[in-house]
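So the structure is just underneath, and the comments pick up after that.
Rule-based calculations on the coordinates, nothing more; no lab input. A quick note: this is a predicted structure, and the numbers were derived from the prediction, not measured. Every residue, glycine as well, gets a Cβ built from its backbone with ideal geometry; the counts of neighbours run over all protein chains shown.
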Amino acid sequence: MRAEQWRLTTRQLIEMRHLLREQAQAQGEIEKVSRSVPGIGAVVARTFATELGDMSRFANERALFSYTGLTPSAYASGAAIRRGHISHQGSSRVRHLLVETAWRALPRDKVLQESFDRVAATRGKKRAIVAIARRLIGRIRACFREGTLYAVGTYV
């Protein structure tokens, strides 16, 4: 009984990997740019491609940040404006994967690590990693717009 379930699960996993490979080949350029980012593997690249597509379609970085929910919410009353937590608009899956990718990219990209350390010293690690996730998705968008691969260690 359990052996049959194991075989079925293994077959389903192989089929899923085959489908992911087919999708990646169909969207070769998107896959190539996404996989060049440190910390992004096959599944995360496929999720970004499905959820975000070609990120050059966003008019500017602010539109992308807003779409992913990585912008601070604002509370305004008269002249007083208070910025709060991130807005949580858009896909929570993408936001979660961006934060996880940011954690994985830190040891591989010294520029991101320096930015993280600078923000974490004053604002805390949780806010710092959200800032790095936001910077990372902005860099990925720039790669799509320029038609280049992600360059580790650049100050873009």
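Could you work out Rg/(2.2 N^0.38 Å) for the range 1-90, with Rg from alpha carbons only?
Working it through for the range 1-90, the quotient is 1.62.
Where does each of 12-18, 101-107, 122-128, 50-56 land if you order them by average Cβ count within 10 Å, highest first?
Highest-to-lowest ranking by the protection proxy: 101-107, 50-56, 122-128, 12-18.
Relative contact order for the range 1-148 using alpha-carbon pairs under 8 Å, separation at least 6, rounded to a whole percent?
This gives 23 percent for the range 1-148.
What is the local net charge at Arg57, summed over the other residues whose Cβ is closer than 11 Å to its Cβ (Lys, Arg +1; Asp, Glu -1)?
Taking every Cβ under 11 Å from that of Arg57, the sum is +1.
Excluding Gly138 itself, calculate the net charge of residues whose Cβ lies under 13 Å from the Cβ of Gly138, where each Lys or Arg counts +1 and each Asp or Glu counts -1.
On the way: positive: Arg62, Arg134, Arg135, Arg139, Arg141, Arg145; negative: Glu61, Glu146.
So the surrounding residues net to +4.
Show me 26-32, 74-80 ranked by packing, highest mean number of other Cβ atoms within 10 Å first.
Details: 26-32: 14.3, 74-80: 7.6.
Going from most to least packed, we get 26-32, 74-80.
From the convex hull of the Cα coordinates of the chain, what is the mean projected area in square nanometres?
12.3
Hey, got the dipole for the chain? About the Cα centre, +1 on K and R Cβ, -1 on D and E Cβ, debye to the nearest 20? Please report the intermediate quantities before stating the final value.
On the way: 27 positive and 13 negative charges, 105 e Å.
Around 500 debye, computed over the chain.
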